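Visitor: Below is a structure I'd like to ask you about.
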Amino acid sequence: MYLQKRSRILRSNPAIRSLVAETHLKSSDFIVPLFIDEGKDIRQEISSMPGYFRNSLDVTIKEVKELYAMGLKSILLFVKAKDEVKDNTGREAWNNDGLMQRSIRAIKDVVPEMVLMTDVALDPYSSYGHDGIVKNGQIVNDETVEALVKMSLSHAEAGADFVAPSDMMDGRIGAIRRALEENGFSQTGIMAYSAKYASCFYGPFRDALDSAPGFGDKKTYQMDYANRTEAVKEALQDVEEGADIVMVKPALSYLDIIREVKNAVHVPVSAYNISGEYAMIRAAAKMGWLDENKAILETLTAIKRAGADLIATYFAREATRLLND
């Protein structure tokens, strides 16, 4: 008796497994999220994200140099606005001397080759903690889009390579693309958070930026996690409006969405391995319930296998070290 098919032959040893692997993870796949705070010589660990920090700009610049030397070539900036500049207009978001704008210029001066992406949303600057302007208890769409356009233009002027609208307002990609073109920023890219779901896994991120909503939730603009077809529709619409990259967020509970979007669009697809997903692995590893290093690589490989071309992840440093060992 003999077997015509022996699938285990291709699993026989590490060299063969590597030779026939369908998915290859590499450091150039990663986007590194960075949290920036006002002040100097500040390095504050985020309590719900053990091992991850919110840094002042001087410390961030040192970190960006280290990241680039490691082979990590893309960062995504978030800033923590002080309470005294928060209001219901978002005007601090396009302040030429704001923390985001200063950070963009400073990083580009020191590491100009780093691909610099910037978060575009009003929640860090909102007295209500929402991604848009609030009127009569509602998040209004069109006035928010006008604010997001101003914010995007200020980031482009400061030197951002990509603006990354994470707000989920209708029509904002087309409005931003039009404004960039009309103001001479035709080389500035847009990474659209096209399928951003209303998820419980964002909690640690909101701790990092003190940006939790002051009332209600974000379900009138972020997507219902029960929906799949809607994500494809949103991604296709963003591409039509001028997005250069589309994003699915979160990643781990939405691997099917990443694949659906990847099959539908003809632009790069990114996925955000978010704070709650990071915290779960850290917590389980601390309890001794899993091998952290193996969990990091398996998780990120799964996200790429699902179809992500780029992965924003808080594990970028650790993954790069593990891949280089």
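The values are calculated or read from the model by the stated rules, or taken from the named source; none is laboratory data. Everything numeric here is computed off the predicted structure, so don't read it as measured data. Methodologically, a virtual Cβ is constructed for each residue, glycine included, from the backbone with ideal geometry; neighbour enumeration extends over all protein chains shown. Quick note on the areas: whole protein, heavy atoms, side chains included, nothing else; ligands and nucleic acids left out. Shrake-Rupley method; radii C 1.70, N 1.55, O 1.52, S 1.80 Å.
Visitor: Within the range 219-249, report the trypsin sites (Lys or Arg not before Pro) that DSSP leaves as loop and that have at most 12 other Cβ atoms within 10 Å.
Guide: Filter output for the range 219-249: Lys219.
Visitor: Distance in nm between label sites at Arg105 and Lys294, each 7 Å beyond Cα in the beta-carbon direction?
Guide: Calculated label separation equals 5.0 nm.
Visitor: Rounded to the nearest 20 Debye, what is the dipole magnitude of the range 68-107 about its Cα centre when Lys and Arg each give +1 and Asp and Glu each give -1 at the C-beta?
Guide: Roughly 220 debye for the range 68-107.
Visitor: How would you classify the range 126-166 from its alpha-carbon gyration tensor, with a ≥ b ≥ c the square roots of the eigenvalues: rounded for a/c under 1.5, else prolate if a/b is greater than b/c, otherwise oblate?
Guide: prolate
Visitor: For the range 59-68, just list the computed ³J(HN,Hα) in residue order, Karplus coefficients 6.51, -1.76 and 1.60, θ = phi - 60°, integers in Hz, with x standing in for Gly and Pro.
Guide: 3J(HN,Hα) across the range 59-68, in whole Hz: 6, 4, 4, 4, 5, 4, 4, 5, 4, 5.
Visitor: Quantify, in whole percent, the carbon and sulfur part of the accessible surface of the chain (1.4 Å probe; protein heavy atoms only).
Guide: About 49 percent, which is the carbon plus sulfur part of the accessible surface.
Visitor: Count charges around Ser127 for me, please; just the other residues with Cβ under 9 Å from its Cβ, Lys/Arg as +1, Asp/Glu as -1.
Guide: -1
Visitor: Estimate the FRET efficiency between Leu236 and Gln138 by the formula 1/(1 + (r/R0)^6), using the beta-carbon distance for r and 22 Å for R0, to the nearest 0.05.
Guide: Using R0 = 22 Å, I get an efficiency of 0.25.
Visitor: Moving on to the next point. Give the Rg (one decimal place) followed by the Dmax (whole number) of the range 242-325, computed from C-alpha coordinates and expressed in Å.
Guide: Calculated on Cα positions, Rg and Dmax stand at 13.4, 46 Å.
Visitor: Convert each backbone phi in the range 221-238 into a coupling constant with the Karplus relation 6.51 cos²θ - 1.76 cosθ + 1.60 (shift: θ = phi - 60°), then list the ³J(HN,Hα) values in order as whole Hz, x for Gly and Pro.
Guide: Going residue by residue, I get 10, 7, 7, 6, 5, 7, 9, 10, 4, 4, 5, 5, 4, 5, 5, 4, 5, 5 Hz, with x marking Gly and Pro.
Visitor: Right, another one. Can you work out the Karplus-derived ³J(HN,Hα) for every residue in the range 16-27? Use 6.51 cos²θ - 1.76 cosθ + 1.60 with θ = phi - 60°, whole Hz, and x for glycine or proline.
Guide: Coupling constants for the range 16-27: 5, 4, 5, 4, 9, 4, 8, 10, 10, 8, 8, 4 Hz.
Visitor: Also, I was wondering about something else. Might you work out the accessible area of Val232 for me, using a 1.4 Å probe with all protein chains in place, and round it to the nearest 10 Å²?
Guide: Roll a 1.4 Å probe over it and Val232 shows about 30 Å².
Visitor: Using 0.36 nm per residue, how much length does the chain from Asn263 to Glu38 gain when fully extended, once their Cα-Cα distance is taken away?
Guide: Here the answer is 76.8 nm.
Visitor: Which order do you get for Tyr68, Tyr278, Tyr2 if you rank them by accessible area with a 1.4 Å probe, largest at the top?
Guide: Descending accessible area places them as Tyr2, Tyr68, Tyr278.
Visitor: Rounded if a/c is under 1.5, else prolate if a/b is larger than b/c, else oblate: which is the range 1-132, with a ≥ b ≥ c the root eigenvalues of its Cα gyration tensor?
Guide: The shape class here is prolate.
Visitor: Another question, if that's okay. Let's test the formula: R0 of 41 Å, r as the Cβ-Cβ distance of Met287 and Ser186. What FRET efficiency results, to the nearest 0.05?
Guide: 0.20
Visitor: Which of rounded, prolate or oblate describes the range 112-195 when judged by the alpha-carbon gyration tensor and an a/c cut-off of 1.5? Intermediate results must be reported in sequence, preceding the final value.
Guide: Working: a/c = 2.14, a/b = 1.73, b/c = 1.24.
Here the range 112-195 falls in the prolate category.
Visitor: Can I ask one more? Once you wrap a convex hull around the alpha carbon atoms of the range 120-262, what is its projected area averaged over all directions, in nm²? Let's see the in-between values first.
Guide: Values: hull surface 33.7 nm².
Answer in nm², one decimal: 8.4.
Visitor: Quote to one decimal, in nm, the extra length available between Val115 and Ser7 on full extension: 0.36 nm per residue of separation minus the C-alpha distance between them. Intermediate values should be presented prior to the final figure.
Guide: Numbers: separation 108, 0.36 × 108 = 38.88 nm, distance 4.18 nm.
Taking 0.36 nm per residue and subtracting the Cα distance, the gain is 34.7 nm.
Visitor: Within the chain, which is the longest segment containing none of the GluC sites (Glu not before Pro) that sit in a DSSP loop and have at most 11 other Cβ atoms within 10 Å?
Guide: Numbers: sites that count: Glu22, Glu113.
Segment 114-325 is the longest.
Visitor: Once amide H atoms are placed 1.01 Å from N in the peptide plane, what residues at a sequence separation of 5 or more from Met49, or on another chain, have their amide H within under 5 Å of its amide H?
Guide: Distant-sequence amide H within range of Met49: zero hits.
Visitor: Okay, moving on. Quick one: how many lysine pairs in the range 159-306 have C-alpha atoms under 25 angstrom apart, if they're 8 or more apart or on different chains?
Guide: Close lysine pairs under the 25 Å cut-off: 20.
Visitor: Counting only heavy atoms of the protein chains, get the accessible area per residue of the range 94-223 (1.4 Å probe) and round it to a whole Å² value.
Guide: Numbers: 4820 Å² over 130 residues.
Ligands and nucleic acids excluded, the result is 37 Å² per residue.
Visitor: Rg (Å, one decimal) plus Dmax (Å, integer) for the alpha carbons of the chain?
Guide: Every Cα atom of the chain included, Rg and Dmax give 20.1, 79 Å.
Visitor: Ala271's amide H: which non-local residues (gap 5+, or another chain) put their own amide H closer than 5 Å, with H modeled 1.01 Å from N in plane and none for Pro or chain starts?
Guide: Under 5 Å from the amide H of Ala271 lie the amide H atoms of Val248, Leu310, Ile311, Ala312, each far enough along the sequence or on another chain.
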